[in-house]
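> Dumping the structure here so I can ask a few things about it.
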Amino acid sequence: MSRVFPDENRARGWERTWGTFRYRWVMLGIWLLMMTINSVTLVNYPLALPNIAKEFGIPPSTFIYYLGVLTYSLGLFVIYFGNFNGWMNTRVRLAVILAQVFLIIPLFLIPFTFSYNAIVVLRFIQGLWFMELGLATLNLRGWFSKGELAIAMAAPLSALQFGSALGGFIEKAIAEQIGWRMAFLITGVMDVVATAIFLVLYRDAPGYNDYLVINRLRNLAERGKHGCPPPYKLPIAYAIGFAQIATTMAFASIPYLVPTYGYWLGYSVPAVSNTVLIYGIISGLGIWGGAILGSILVRRTRTIRETFRARNLTRTISYIISFIGFLTLLFPQGNYIVYTVGATLAALILFNIPNYWAEMTEVVPPGISGDFVFYAGAIASAGFFLGPLISVSLIVAAAGNVIKGFMLFLAIIVISGIINIIQNRITIPAEKYHV
């Protein structure tokens, strides 16, 4: 914990003034900036992969070719087990520094690495940066009120989409002029600058860490009587995780399935690139739409359960939209517009994610909220590895025809959607335990 002796007056001050600090908008801005630049840098590898594979003699459409993609996805998953004993809960700045080191160092090493296996390992290390979504949730929860939290989370989440679209233009231009290695180095410098700005301006909400420490100590003292059990003993952790897994699988798979399918249908590289740009921008805007809708719904709620159900409603809406999108992709019939519309609707599964991150801080007592975010997040994040693994398997086996992949995602969305509806009746620890 950040303090051995937390200040109860500061903690009570946070409770009284929660969501009123003007500096919260500065925090929102620096999360948006850094996550956007992070996303720009992460486009480097997919764009450079054909050149990297050619230099190392790796044949395309093989598991070895996609190994760097899979190890990166594995990193996205395993890092959510990293908040052991809740050490990140009140040390967000330190954890962000580690996350940025994981991301930035490979940017400067990969261009000078002459071993394909070493590049694959560096890609796994890069995947460890993804704990920043959980860290952003922990930090912004201290700054923003219940009615604003989903909107606040939309900033770093939408940055993943907008940054990827922006990165495609930036890195393509750099690579065409001075090579793919320089694209890594230049965007790496950009990320160093963005990280420096973030760390200079970063602040924890005044009194929030004291509030968390006090509640954690109280919960531990009451555990076994009135205190909340650890996250791995809470059914709601598994319900939220499995309800969200369709989102994480689709989020991680669409960037591979949609372009591959487009090429299999015979569309040109510019045409497929335009589709990717369109669904990237619209899904990014969809994240803000989901955040705004969730915030409107939540402001009308009076109980924790009503808030939980309101946030879950945005997930149900996103699954219906995405289901229609994947279904549309089954029947493009050579129509480019149908292909693009289907891809865009499928990508709108991201509509729900601001409310997903928000609800994980609300359903448990504050003393274990950080532990819960990472544990439930680990379950959902399994989709970040399973999605690409399934996608790559289908691409390798079917030579670009990923119809079976779309059918599989239809089934996964239905299953996750059913879990999402059922979980509305599950016990909410924040209702049961009040320490």
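The values are calculated or read from the model by the stated rules, or taken from the named source; none is laboratory data. Being a predicted model, the structure only gives us computed values, none of them experimental. Because the Cβ atoms are built from the backbone with ideal geometry, glycine has one as well, and the counts that use them run over all protein chains shown. The protein model used for the area step is the full one, side chains on, heavy atoms only, and it has no ligands, DNA or RNA in it. Shrake-Rupley method; radii C 1.70, N 1.55, O 1.52, S 1.80 Å.
> Give the residue, chosen from PHE331, PHE374, that is in a helix (DSSP H, G or I), out of contact with any Lys or Arg (no Cβ under 9 Å at 6 or more places or on another chain), aromatic (Phe, Trp, Tyr) and at pLDDT below 95.
Only one candidate qualifies: PHE374.
> Looking only at residues that are of a type in the set (S, T, N, Q) and buried (at least 21 other Cβ atoms within 10 Å of the Cβ) in the stretch 203-226, which one is nearest to GLY370 (Cα to Cα)?
Looking at residues that are of a type in the set (S, T, N, Q) and buried (at least 21 other Cβ atoms within 10 Å of the Cβ), I get ASN209.
> Take GLY383 and tell me if it is modelled with pLDDT of 90 or more and either surrounded by 15 or more Cβ atoms within 10 Å (Cβ to Cβ) or outside any helix (DSSP H, G or I) (or both).
yes
> Tell me whether the stretch 51-58 contains one or more residues that are in a helix (DSSP H, G or I) and touching a Gly at 6+ places or on another chain (Cβ under 9 Å).
yes
> Report yes if some residue within the stretch 24-33 is exposed (fewer than 15 other Cβ atoms within 10 Å of the Cβ), at negative phi and either at pLDDT below 90 or not in a helix (DSSP H, G or I) (or both); otherwise report no.
Scanning the stretch 24-33, I find no residue that is exposed (fewer than 15 other Cβ atoms within 10 Å of the Cβ), at negative phi and either at pLDDT below 90 or not in a helix (DSSP H, G or I) (or both), so the answer is no.
> Search the stretch 37-71 for residues being within 14 Å of PHE385 (Cβ to Cβ) and without any contact (Cβ under 8 Å) to a residue 60 or more places away in the chain, and hand back the single one that is nearest to the chain's Cα centre (by Cα).
Top of the filtered list is THR71.
> Pick from LEU394, LEU389: which is within 22 Å of LEU345 (Cα to Cα), crowded, with 17+ Cβ neighbours inside 10 Å and either aliphatic (A, V, I, L, M) or modelled with pLDDT of 90 or more (or both)?
The match here is LEU394.
> Then there's this: For the stretch 222-258, enumerate the residues that are free of Cβ contacts under 8 Å to residues at least 24 places away in the same chain and over 30 Å from LEU313 (Cα atoms).
Hits for the stretch 222-258 are ARG223, GLY224, LYS225.
> Which residue, of PRO270, PRO229, is in contact with a strand residue (DSSP E or B) (Cβ under 9 Å, 6 or more places away or on another chain) and either farther than 28 Å from VAL69 by Cα or open to solvent by 20 Å² or more (accessible area, probe 1.4 Å) (or both)?
PRO229
> So which pairs qualify, if the first residue must be in the stretch 363-380 and in contact (Cβ under 8 Å) with a residue 40 or more places away in the chain and open to solvent by less than 10 Å² (accessible area, probe 1.4 Å), the second must be among the aromatic types (Phe, Trp, Tyr) and in a helix (DSSP H, G or I), the Cβ gap must be under 7 Å, and the two must be at least 6 apart or on different chains?
VAL363/PHE308; VAL364/PHE372; PHE374/TYR80; GLY377/TYR80; ALA378/TYR80; ALA378/PHE81
> Right, next: With a cut-off of at least 1 residues that are open to solvent by 10 Å² or more (accessible area, probe 1.4 Å) and under 23 Å from GLY289 (Cβ atoms), name the helices (runs of 4 or more DSSP H) lying wholly within the stretch 90-159.
Hits in the stretch 90-159: 132-143.
> If PRO206 satisfies every condition in (1) over 24 Å from the mean Cα position of the chain (by Cα); (2) closer than 18 Å to GLU362 by Cα; (3) in a loop (DSSP other than H, G, I, E, B) but one, which is the exception?
With (1) over 24 Å from the mean Cα position of the chain (by Cα); (2) closer than 18 Å to GLU362 by Cα; (3) in a loop (DSSP other than H, G, I, E, B) applied to PRO206, the lone miss is (2).
> Residue check, ALA237 against (1) of a type in the set (Gly, Ala, Ser); (2) farther than 14 Å from GLY370 by Cα; (3) part of a helix (DSSP H, G or I), all met but one. Which one?
Unmet for ALA237, out of (1) of a type in the set (Gly, Ala, Ser); (2) farther than 14 Å from GLY370 by Cα; (3) part of a helix (DSSP H, G or I): (2).
Conditions tested, residue by residue: (1) among the aliphatic types (A, V, I, L, M); (2) over 22 Å from VAL92 (Cα atoms); (3) in a helix (DSSP H, G or I).
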residue: GLN161; (1), (2), (3): no, yes, yes
residue: LEU166; (1), (2), (3): yes, yes, yes
residue: GLU171; (1), (2), (3): no, yes, yes
residue: ARG181; (1), (2), (3): no, yes, yes
residue: PHE184; (1), (2), (3): no, yes, yes
residue: THR195; (1), (2), (3): no, no, yes
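> Examine the stretch 294-308 for a residue that is within 30 Å of PHE169 (Cβ to Cβ) and either of a type in the set (Ser, Thr, Tyr) or open to solvent by 10 Å² or more (accessible area, probe 1.4 Å) (or both), and state whether such a residue exists.
no
> Any idea which residue in the stretch 329-357 is nearest to LEU265 (Cα to Cα), counting only those that are out of contact with any Pro (no Cβ under 7 Å at 6 or more places or on another chain) and open to solvent by 40 Å² or more (accessible area, probe 1.4 Å)?
Restricting to residues being out of contact with any Pro (no Cβ under 7 Å at 6 or more places or on another chain) and open to solvent by 40 Å² or more (accessible area, probe 1.4 Å), the top hit is GLY334.
> Which condition number does THR113 fail, the rest of (1) β-branched (Val, Ile, Thr); (2) more than 26 Å from ILE64 (Cβ to Cβ); (3) out of contact with any Asp or Glu (no Cβ under 7 Å at 6 or more places or on another chain) being met?
Against the list (1) β-branched (Val, Ile, Thr); (2) more than 26 Å from ILE64 (Cβ to Cβ); (3) out of contact with any Asp or Glu (no Cβ under 7 Å at 6 or more places or on another chain), THR113 comes up short only on (2).
> Looking at the stretch 410-423, I want the residues that are open to solvent by 70 Å² or more (accessible area, probe 1.4 Å) and have a partner that is of a type outside the set (Phe, Trp, Tyr) and at pLDDT 95 or above with Cβ atoms under 7 Å, at least 6 apart or on another chain. Which pairs are those?
Hits for this filter: ILE421/THR316.
Quick grid of which residues meet (1) under 15 Å from the mean Cα position of the chain (by Cα); (2) not β-branched (Val, Ile, Thr):
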| position | (1), (2) |
| --- | --- |
| ALA95 | no, yes |
| GLN100 | no, yes |
| ILE105 | no, no |
| THR113 | no, no |
| GLN126 | yes, yes |
| LEU133 | yes, yes |
| ALA152 | yes, yes |
